[in-house]
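In what follows, a structure is listed as structure tokens, so that the remarks can point back to it.
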Amino acid sequence: MLTGPNWRAQLEARLREIRPASVCALDAAARQLAGDVLPATPQVSPTPQPPLPCALALGIDALDGLDANAARQLIGRTRLYVAPHILLAVPAGCALDEAMFRALGFTLCATDATAGMRIHEYDIETYKSVPDWLNSRFWANPERWEP
């Protein structure tokens, strides 16, 4: 997790590190940032729903003014229908707290204590590691099956 004075610079660095094939900007500020940081990357609008999922959904002001239920619904729809990888800049007054973001599968990847901003990231690829018991050696033994 990065901790530093400028959340915007941290978000820009994370975008450059990810280098997504396409970006779905969830709000105007995200659209502007994605255009500035990744000018050659195609951008897609979340409404109407993109025909194919984007590589990354980016939100800066997307959760502003939403209550906890509406924020969870927006995140759920984005995760299911828009992009398997989400980056959200979250202000201190957000209706969702750290525990709620963890419950939704997000990790805290950066904080800016002076501005009261946090950057949360969700990636289906790293959402959950495969448990050891989930492999073929613990499955049924076909050699023991008798017809």
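Tabulated results
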quantity	calculated
Within region 32-48, considering residues that are buried (at least 17 other Cβ atoms within 10 Å of the Cβ) and touching a Ser or Thr at 6+ places or on another chain (Cβ under 9 Å), the one modelled with the lowest pLDDT	P46
Condition met for P51 (more than 20 Å from E125 (Cα to Cα), surrounded by 13 or more Cβ atoms within 10 Å (Cβ to Cβ) and either without any contact (Cβ under 8 Å) to a residue 24 or more places away in the chain or more than 14 Å from the chain's Cα centre (by Cα) (or both))	no
Any chance R77 is under 24 Å from T126 (Cα atoms) and open to solvent by 30 Å² or more (accessible area, probe 1.4 Å)	yes
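Okay, residues lined up against (1) open to solvent by 40 Å² or more (accessible area, probe 1.4 Å); (2) in a helix (DSSP H, G or I); (3) under 17 Å from W7 (Cα atoms):
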site: E17; (1), (2), (3): yes, yes, yes
site: A30; (1), (2), (3): no, yes, yes
site: A70; (1), (2), (3): no, yes, no
site: I86; (1), (2), (3): no, no, yes
site: G105; (1), (2), (3): no, no, no
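The values are calculated or read from the model by the stated rules, or taken from the named source; none is laboratory data. Keep in mind that what you see is a predicted model, and the values were worked out from it rather than measured. Positions of Cβ are backbone-derived with ideal geometry, glycine not excepted, and every protein chain shown enters the neighbour counts. All accessible areas refer to the heavy atoms of the entire protein, side chains included, with ligands and DNA or RNA removed. Shrake-Rupley method; radii C 1.70, N 1.55, O 1.52, S 1.80 Å.
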